Amino acid sequence: MKTERMDHPNILLILTDQLRKTSLGCYGNPDAQTPVIDGICRDGLRFDNSVSSAPVCAPYRTTLQSGLYPHQHGVRGNGDLFRPCFKGLAEYFNEAGYETCFVGKSHFGRDEIEEKDGWVRPENRLGWKHWYGTGGDHHYDTPIYDDAGNLDTRFFGKYGAFVRTELAVNFVREKKEKPWLLQLNYSEPHVATMPALYQMPATREYVRTINRKLELGLSEKILNNPSSLSFYDTLPQHLLTQLLPQSYLDLYDPEYLRLDPNVPERWKRVTRLFLQEYYAMISCIDGEIGKLMDVLKETGQLQRTIVIFTSDHGDMLSNGYLRFKGVPYQNAFRTPLIVAGPGVRKGYTDTLVSSVDMMPTLLELSGLKKPEILPGVSVAADIFGQEECRQNAVLLGLATWRGIYDGRYFYAVDNRSGAIRPIRLIDTQQDPYDMNNLNHFESYEPLRKRMHSLLVEKLLRVKDCDFLACEYSVKQGENRNHIFCASEL
């Protein structure tokens, strides 16, 4: 049903970190306690086919600011140094007379100065007028720096999510006349990253004690791994240190938490402990969003504010992985997307939407025009209940893999061998947990060929030439719509 739109509404974009679609009550999770987010969903529109086009932090976050794919904006992985070469989201809103404010984790790429976690030079802040960028911490003592890069110690001792909410609330209270765009970036429920802690021999011995006592099943290979990342992704952090306020952990008894059917038997105990931690962080975010919503109501701004809630990517906790992302599996790339506010229709939609579609959508929600250079498709028409032109598939991928998702089937290829090789074909409606790869079944060969051709067509359209170079020699005048590797199909 078509609804009445508001000219130049406020835009509140809430971005979480590593929150998979299936971990919210409004998406059917029976365990997660998310009453505030569920309430926003009831009042608005839930997208059931939202995906991260690049399911790790930095590539997604730069895509959100640029409206471009990673191969176009240059940040292909978390370790790439960010070099702004595009017009940013805030700059479009500045030109339209908006106040723009950025709060929380930026992580547009590798930190410019490694010891200053999260600090971004003023000239690299993409036009955000009010900048309260923080480090990518997922615990206490959030580092915040001033424009000169000096550490602001006012927030030491406070939990990171509380700090980010406080900064956002301060902005909302101060800016009441002009329309505003506020991007609020929570670091939760991302796994905590504390390298110094895991490099200490005493910590590793303590981990061994925990592993034996709780029968976590962590192997000696994992315990002896010199990489700190092996601990981030395989040991629940709250067993080692005060990760977040205990009251949120107390909301969940790990023994009663439901597991996905694809969790291997040997990982069930440690996965339940991870879920306790994961859901606790999500409930914390939920409560913090509730505080901000209360301020919007109190100041009379809620009725003219469109709220968008989403995440940069998901989290595995399944398929033999523990805490992980960036892989061509549904829990890694399927994300929540909820929109509510003036003119937004209520209900749910199966419209396809990906990261590159976020900027065109945000612009159109505010009555601004999408630049022709952007490859994404706005879904604002669907949000407002108007006639829409739906896309037939969305493109996603990282590093050595690319994938295509059409709302039912997900197909992915890999080029690590020097040739493009099909690796996954999943019927997501029948197989939401990626337990039955159809890639090698002869009966699905016609579907595989169709999805492969669609994938190559999309890659060519956005000129992802580096990925295609190993397999395709695209010459002038060649029929690009029918290029595929017959030997691999």
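The values are calculated or read from the model by the stated rules, or taken from the named source; none is laboratory data. Note that the coordinates shown come from a computational prediction; the quantities given were computed from them, not determined experimentally. Cβ placement follows ideal geometry from the backbone for every residue including glycine, while neighbour counts extend to all protein chains displayed. Protein only, heavy atoms only, side chains kept; ligands, DNA and RNA dropped before computing areas. Shrake-Rupley method; radii C 1.70, N 1.55, O 1.52, S 1.80 Å.
Filter the GluC sites (Glu not before Pro) in the stretch 126-229 to those in DSSP coil with at most 15 other Cβ atoms within 10 Å of their Cβ, and list the result.
On the way: sites: Glu166, Glu174, Glu177, Glu205, Glu215, Glu220; in loops: Glu177, Glu215.
Those that pass, being in a loop and sparsely packed, are Glu177, Glu215.
Rolling a 1.4 Å sphere over the protein heavy atoms, what is the accessible area per residue of the stretch 258-414, to the nearest Å²?
Details: 4840 Å² over 157 residues.
On a per-residue basis, 31 Å².
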Give the Cα extents of the stretch 215-309 along the principal axes, in whole Å, largest first. 57, 29, 24
So how much slack lies between Arg110 and Asp253, counting 0.36 nm per residue of separation and subtracting their Cα-Cα distance, in nm? 47.8 nm
Specify which residue in the list Gln430, Ser443, Val462 is farthest towards the positive end of the charge dipole of the stretch 426-473, using unit charges on the beta carbon of Lys, Arg (+1) and Asp, Glu (-1), about the Cα centre. Val462
Inter-site label distance for Arg390 and Lys158 at 7 Å from Cα along Cβ, in nm: 4.4 nm
Percent antiparallel among DSSP beta bridges (both partners in the chain, rounded to 5): 50 percent
Out of the trypsin sites (Lys or Arg not before Pro) in the stretch 336-407, which ones are loop residues according to DSSP with at most 15 other C-beta atoms within 10 Å? Lys346, Lys369, Arg390
Measuring from a point 7 Å past the Cα of Lys297 along Cα-to-C-beta, which residues in the stretch 8-33 have an amide N at less than 15 Å? none
Can you pull out the chymotrypsin sites (Phe, Trp or Tyr not before Pro) in the stretch 117-218 whose DSSP state is coil and whose Cβ has at most 13 other Cβ atoms within 10 Å? Phe156
So, in nm, how far is label Leu151 from label Tyr206 when the simple model puts each one 7 Å beyond its Cα toward the Cβ? 2.0 nm
Inter-probe distance in nm under a simple model that places probes 7 Å from Cα toward Cβ, at Asn78 and Glu91: 2.8 nm
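If R₀ is 22 angstrom, what is the calculated FRET efficiency for the pair Leu223 and Ala196, using the beta carbon separation as r and rounding to 0.05? Numbers along the way, then the final one.
Numbers: r = 18 Å, r/R0 = 0.84.
That pair, Leu223 with Ala196, gives E of 0.75.
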As an exercise, use a Förster radius of 45 Å and the Cβ-Cβ distance of Phe441 and Glu123 to find the FRET efficiency, rounded to the nearest 0.05. 0.25
Could you tell me which of the pairs Lys158/Lys178; Lys175/Lys291; Lys105/Lys176; Lys105/Lys158; Lys116/Lys291 are separated by over 22 angstrom between their Cα atoms in the structure shown? Lys158/Lys178; Lys105/Lys176; Lys116/Lys291
With a cut-off of 20 Å, note down the residues of the stretch 72-115 whose backbone N falls inside the zone around a label point 7 Å from the Cα of Cys465 toward its beta carbon. 72-76, 85-86
Just want the answer: with Cβ charges of +1 for Lys and Arg and -1 for Asp and Glu, which residue in Gln72, Tyr132, Tyr411 is farthest toward the dipole's positive end in the chain? Tyr411
